[in-house]
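The values are calculated or read from the model by the stated rules, or taken from the named source; none is laboratory data. Computed from a prediction, not measured in an experiment: that's the story for all the values here. Here the Cβ is made from the backbone with ideal geometry for all residues, glycine too, and neighbour counts use every protein chain on show. Heads up: the accessible areas ignore ligands, DNA and RNA and are worked out on the full protein's heavy atoms, side chains in. Shrake-Rupley method; radii C 1.70, N 1.55, O 1.52, S 1.80 Å.
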Amino acid sequence: MKPATPRTKGKPASPARAAAVPARPDHNEEKPVLPAALYEASKEELLEFYRQMVLIRRFEEKAGQLYGLGLIGGFCHLYIGQEAVAVGIQSALTPGKDSVITGYRDHGHMLAYGIDPNVIMAELTGRGAGISRGKGGSMHMFSVEHKFFGGHGIVGAQVSLGTGLAFSHKYANDGGVCVAYFGDGAANQGQVYESFNMAELWKLPIIYVIENNQYAMGTSVNRSSAEDQLFRRGESFRIPGLQVNGMDVLAVRAATEEALKWVQAGKGPILLEMKTYRYRGHSMSDPAKYRSREEVQEVREKSDPIEGVKKYLEEAGISADEIKIIDQDIRKIVNASAEFAEVSPEPEIAELYTDVLVEQY
Amino acid sequence: MAIEIKMPALSPTMEEGTLAKWLVKEGDEVKSGDILAEIETDKATMEFEAVDEGVVGKILVAEGSENVKVGTVIATMAGEDGDVEAAPAAAPTAAPASVADAPSAKPAPAEIKIAVDPAVPAGTEYVKTTVREALRDAMAEEMRTDERVFVMGEEVAEYQGAYKVTQGLLQEFGDKRVIDTPITEHGFAGIGAGAAMGGLRPVIEFMTFNFAMQAIDQIINSAAKTNYMSGGQMRCPIVFRGPNGAASRVGAQHSQNYGPWYAAVPGLIVIAPYDAADAKGLLKAAIRSTDPVVFLENELLYGRSFDVPVLDDYVLPIGKARIMREGKDVTLVSYSIGVGIALDAAEQLAAEGIDAEVIDLRTLRPLDTGTVLASLKKTNRMIVVEEGWPVCSIASEIAAVAMEQGFDDLDAPVLRVTNEDVPLPYAANLEKLALIDAPKVIAAVKKVCYRG
């Protein structure tokens, strides 16, 4: 056997290393740094974070109830426990400029985007007033007006689609950034890596956000991922990654600011791994036998994202009464959305045949 | 002993080529691997290497000769023993014209008359164009008028297209709009669909539709269904295009007709043109459509020339079949390469006194059932000619339409002339048996006409 020829000066440590081509020194030499400090939110911002997170929590609880009553059918994936991720990231984006795409656990993202809870809930109950006219359902909701591009039911597909949205931002030179959310389960899909490759190759303006809620349906990250530190999943494409406490909205916001800076400077994609947790099952029909009640309870008690914001509010001198008023307002909004979704009529029969194609042929 | 150097076949479908340049001269010594000549195929300019060592004897085909058939002896070479004397003495090289005029191994098909497309205004001039050029022209014209249109795929830019369909686009439009991708169909089909959702007009080329199976989830679940699922909010104006169907001797994994697959999906437009005029007019329509379009080309048709109308902006309607030949005795319904076979069969049948009408569906979804049923009403007999499998095919669909909506017009059962129901074999004889041809069409016609 012929010995490997060293490509660098000096004695190689081992033949295997000698055979490897050294990385180009100029390529992504710079790395983004996880901000040591939390985002410094104003009192108003903290109140808004709280309001949005409670809205998501109460909305999802209500959706769970309506599912139990048979008013929501099919699949219904609740966002309870993960609220800080959507709210923290969304708050850093520029509405009307940046675009967002996610998978099937999409209700929370839409609420964080300021989309009317009534039309979301009416979609869940399959009514004509739903945001997709009742034809999409829980997993298929979109608001092009808000640059929210769904709502996709095939695990991982939104990553390629989001990369395409980022391509269109760059092509149109509109300064926008795409945020593509996916879970720890989708992180094992092949098209994710095909997309990573092209996004870095073409320096597309995209933030890949892995919402690592620890379980892909019933399979834990450790049982499904050879590299379970998911923020490293971009490394072989030279996409830098940051691991973030996704249960703390201020940590999420701070990391998002850093990511936006990176992407907007034209340095290409970046990956944020949001360590989070879902309290409920994967979908409504999940008995959640793969984890203990104690495990869930511990997260709820120690790191609940809403309780976390409450503490920040107390530190900022917001009174318990003020918080109570917000809670009551949210309950009213959510109850009204449930009422709206229940009394709204089902789609017109003619809707069966509309929107298959845009044009007439 | 002199070795004969023959015109090589440099692609699965190459039958002839241009001997662009000799890089050796008579008397040169060559080693194995030395480049002897440059040969232009319809796809690319290729370097032709020496296989054996020896001395170049006589050059028999001059550089610049066009239409040199594969297998023609283009030079001789003395073998390793250096027996140069054995090579014939130098003689004036053949003029290019003499090669072009040489009888071809396979006779060119007789000129088949095609009915004038009523979409073309009377008095329009025509120019002979290959399907390959027509497709390129369609893309280039649309790219000139709409900044949102871009082309993406494997080898579409620097290589000028794996089948040369995107030739020249990179030079005219630059690398922002003509984009080479890694080999990653699933990924770039999704990126294309996402870009369309984001407001652009992507033309995504698959090197062949066989490779689009890697990407079929994005074509169907993302591109086709989103408009419906979003209640008409989110559109996906994209064209997925590339060669479809059997090429030549490339085996089962590279020889499949996906027309029936995509035509089964609501939310998609599926187009499969036959001639160059339709290829141009329909690709332009596809790029302009706000709906997702699967545009199925055929590799064996790329090099064929047809009359294309000389019009500033030749756009054809999607969803309209074309009567290629009028007839009264039997209707032959087909699309893509099958149309040529149907027209050939119709000519031969005319000699036997059977007057066949030939319909090119052109669009597979939505199907122009009106044109098909009107023809059935006239002829009362119908054959579907399809280069593809028989089961759950376009032919099956046409037969069902004829039965459900034209039952009273039928004087005989609708017959399907399709490929055999097997993966396409490699061996030349078996491949030929598996594919449709004119004799199979003629036999079916005679059956429904109760003749012969």
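Can you name every residue in region B:160-186 that is within 12 Å of another protein chain (Cβ to nearest Cβ), of a type in the set (A, V, I, L, M) and either assigned to a strand (DSSP E or B) or buried (at least 24 other Cβ atoms within 10 Å of the Cβ) (or both)? Listed by number, the list holds a single entry, B:Ile179. The single condition from (1) touching a residue at least 40 places away in the same chain (Cβ under 8 Å); (2) in contact with a helix residue (DSSP H, G or I) (Cβ under 8 Å, 6 or more places away or on another chain); (3) open to solvent by less than 90 Å² (accessible area, probe 1.4 Å); (4) not polar (S, T, N, Q) that A:Tyr290 fails is (2). Scanning region A:136-154 for residues that are in a helix (DSSP H, G or I) and either within 17 Å of A:Phe75 (Cβ to Cβ) or more than 10 Å from every other protein chain (Cβ to nearest Cβ) (or both) yields a total of 1.
Taken over region A:87-125, the residue count meeting the criterion of being hydroxyl-bearing (Ser, Thr, Tyr), closer than 18 Å to A:Val249 by Cα and touching a helix residue (DSSP H, G or I) at 6+ places or on another chain (Cβ under 8 Å) is 2. Being basic (Lys, Arg), facing chain B (nearest Cβ under 7 Å), in a loop (DSSP other than H, G, I, E, B) and in contact with a Gly (Cβ under 9 Å, 6 or more places away or on another chain): is that true of A:Arg133 here? Here the answer is yes, as A:Arg133 does meet what is asked. Answer with yes or no whether B:Ala189 is more than 8 Å from every other protein chain (Cβ to nearest Cβ) and without any contact (Cβ under 8 Å) to a residue 60 or more places away in the chain. Taking the combined requirement at face value, the residue does not satisfy it. Within region A:87-110, being assigned to a helix (DSSP H, G or I) and open to solvent by 10 Å² or more (accessible area, probe 1.4 Å) holds for one residue alone: A:Gln90.
For region A:224-236, a residue qualifies if it is buried (at least 19 other Cβ atoms within 10 Å of the Cβ) and not in a loop (DSSP other than H, G, I, E, B), and the qualifying residues are A:Leu230, A:Phe231. If the condition is being in a helix (DSSP H, G or I) and either on the phi > 0 side of the Ramachandran plot or surrounded by fewer than 24 Cβ atoms within 10 Å (Cβ to Cβ) (or both), then region A:187-203 contributes A:Asn188, A:Gly190, A:Tyr193, A:Asn197, A:Glu200, A:Leu201.
When you scan region B:286-297, how many residues do you find that are surrounded by fewer than 23 Cβ atoms within 10 Å (Cβ to Cβ) and either within 19 Å of the chain's Cα centre (by Cα) or not basic (Lys, Arg) (or both)?
Number of matching residues: 3.
Yes or no, residue by residue, for (1) more than 14 Å from chain A (Cβ to nearest Cβ); (2) among the charged types (D, E, K, R); (3) not in a strand (DSSP E or B):
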{"position": "B:Val308", "(1), (2), (3)": "yes, no, no"}
{"position": "B:Met324", "(1), (2), (3)": "yes, no, no"}
{"position": "B:Lys328", "(1), (2), (3)": "yes, yes, yes"}
{"position": "B:Thr331", "(1), (2), (3)": "yes, no, no"}
{"position": "B:Gly338", "(1), (2), (3)": "yes, no, yes"}
{"position": "B:Leu343", "(1), (2), (3)": "yes, no, yes"}
{"position": "B:Leu349", "(1), (2), (3)": "yes, no, yes"}
{"position": "B:Val372", "(1), (2), (3)": "yes, no, yes"}
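Being within 14 Å of chain B (Cβ to nearest Cβ) and more than 22 Å from B:His186 (Cβ to Cβ) narrows it down to one of A:Ala166, A:Ala157, A:Ala172, so name that one.
A:Ala172
Total residues in region A:230-289 satisfying the condition of being hydrophobic (A, V, I, L, M, F, W, C) and at pLDDT below 95: the figure is 2.
Of the residues A:Ile330, A:Ile325, A:Ile306, the single one that is open to solvent by 90 Å² or more (accessible area, probe 1.4 Å) and in a helix (DSSP H, G or I) is A:Ile325. Of the set (1) away from every other protein chain (no Cβ under 14 Å); (2) over 12 Å from the mean Cα position of the chain (by Cα); (3) not in a loop (DSSP other than H, G, I, E, B), all apply to B:Leu282 but (1).
Give me the residue from region A:175-186 that is open to solvent by 20 Å² or more (accessible area, probe 1.4 Å) and not in a strand (DSSP E or B) and, out of that set, farthest from the other protein chains (Cβ to nearest Cβ).
Top of the filtered list is A:Gly185.
Among residues of region B:25-42 that are over 26 Å from B:Ser11 (Cα atoms), those with a Cβ under 6 angstrom from a residue that is outside any loop (DSSP other than H, G, I, E, B), sequence gap 6+ or separate chain, pair up as B:Glu26/B:Val56; B:Glu26/B:Ile59; B:Asp28/B:Val56; B:Glu29/B:Val55.
Of all residues in region B:200-215, those satisfying the criterion of being open to solvent by less than 40 Å² (accessible area, probe 1.4 Å) and either facing another protein chain (nearest Cβ under 9 Å) or not hydroxyl-bearing (Ser, Thr, Tyr) (or both) are B:Leu200, B:Arg201, B:Pro202, B:Val203, B:Ile204, B:Glu205, B:Phe206, B:Phe209, B:Asn210, B:Ala212, B:Ala215.
Out of all the residues in region A:343-361, is one or more more than 14 Å from chain B (Cβ to nearest Cβ), open to solvent by less than 100 Å² (accessible area, probe 1.4 Å) and among the charged types (D, E, K, R)? No, every residue in region A:343-361 fails to be more than 14 Å from chain B (Cβ to nearest Cβ), open to solvent by less than 100 Å² (accessible area, probe 1.4 Å) and among the charged types (D, E, K, R). Filtering region A:150-170 to residues that are touching a strand residue (DSSP E or B) at 6+ places or on another chain (Cβ under 8 Å) and open to solvent by 20 Å² or more (accessible area, probe 1.4 Å) leaves only A:Val155. Annotation: of all residues in region B:227-261 being among the hydroxyl-bearing types (Ser, Thr, Tyr) and within 14 Å of another protein chain (Cβ to nearest Cβ), the one that is surrounded by the fewest Cβ atoms within 10 Å (Cβ to Cβ) is B:Tyr228.
Kindly establish whether B:Ala157 is within 14 Å of another protein chain (Cβ to nearest Cβ), of a type in the set (A, V, I, L, M, F, W, C), closer than 26 Å to A:Cys178 by Cβ and free of Cβ contacts under 8 Å to residues at least 24 places away in the same chain. Against the criterion (within 14 Å of another protein chain (Cβ to nearest Cβ), of a type in the set (A, V, I, L, M, F, W, C), closer than 26 Å to A:Cys178 by Cβ and free of Cβ contacts under 8 Å to residues at least 24 places away in the same chain), B:Ala157 qualifies. Taken together, the residues in region B:114-126 that are over 21 Å from B:Asn298 (Cα atoms) and open to solvent by 50 Å² or more (accessible area, probe 1.4 Å) amount to 8. For region A:279-303, give me the residue count where each residue is part of a helix (DSSP H, G or I) and hydrophobic (A, V, I, L, M, F, W, C). Residues flagged as part of a helix (DSSP H, G or I) and hydrophobic (A, V, I, L, M, F, W, C) within region A:279-303 amount to 2.
Can you find even one residue in region A:204-223 that is within 14 Å of another protein chain (Cβ to nearest Cβ), surrounded by fewer than 22 Cβ atoms within 10 Å (Cβ to Cβ) and either in a strand (DSSP E or B) or among the hydroxyl-bearing types (Ser, Thr, Tyr) (or both)? Within region A:204-223 (the criterion being within 14 Å of another protein chain (Cβ to nearest Cβ), surrounded by fewer than 22 Cβ atoms within 10 Å (Cβ to Cβ) and either in a strand (DSSP E or B) or among the hydroxyl-bearing types (Ser, Thr, Tyr) (or both)), the answer is no, since none of the residues qualifies.
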